[in-house]
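Asker: Mind having a look at this structure? Questions to follow.
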Amino acid sequence: MPGESGGLQRLNRRKLGTEQEKRAVNYLQEQGYEIVEYNYHNRTGEIDIIARDGTYLVFVEVKYRSDIRMGSPLAAVDLRKQRNICRVARHYLMVRGLPDQPCRFDVVAVEGRNISLIKDAFWLT
């Protein structure tokens, strides 16, 4: 049927993305992070993981690449993406009544089997 393979591809990508986010959650927990929320979204966007690391509330973006041919996962967190994450984070802090909560933005880069964590990957803009 027309369009079926496109829908199947989206489902497969979504499933793969979910699997990689679960890997990231496990990795963060191994690093001592306490997971607060997973796939938080509002009308302006989504944050993959919200966690606590010490006194910080950490908004985490997870980016996956099966290999470097598609570019670095870090490069995918461009300025536009950063601004959107910040907008969602501001909303989260407002609705949770946490205006003075120290926070930061980390990126978990998943490249094939390798996982790396970039703390303070960008700042609230």
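Only the coordinates and a few stated rules stand behind these numbers; no lab work does. What you are looking at is a predicted structure, and each value in this text was computed from that prediction instead of being measured. We place every Cβ from the backbone using ideal geometry, glycine too, and count neighbours over all the protein chains shown.
Asker: Of all residues in the range 87-125, how many are buried (at least 18 other Cβ atoms within 10 Å of the Cβ) and in a helix (DSSP H, G or I)?
Answerer: Within the range 87-125, residues that are buried (at least 18 other Cβ atoms within 10 Å of the Cβ) and in a helix (DSSP H, G or I) number 3.
Asker: Give the range 21-50 a look and list any residue that's of a type in the set (A, V, I, L, M) and assigned to a strand (DSSP E or B), or say none.
Answerer: At the first step, the residues of the range 21-50 found to be of a type in the set (A, V, I, L, M) are 24-25, 28, 35-36, 47, 49-50.
Scanning the range 21-50 gives ILE35, VAL36, ILE47, ILE49, ILE50.
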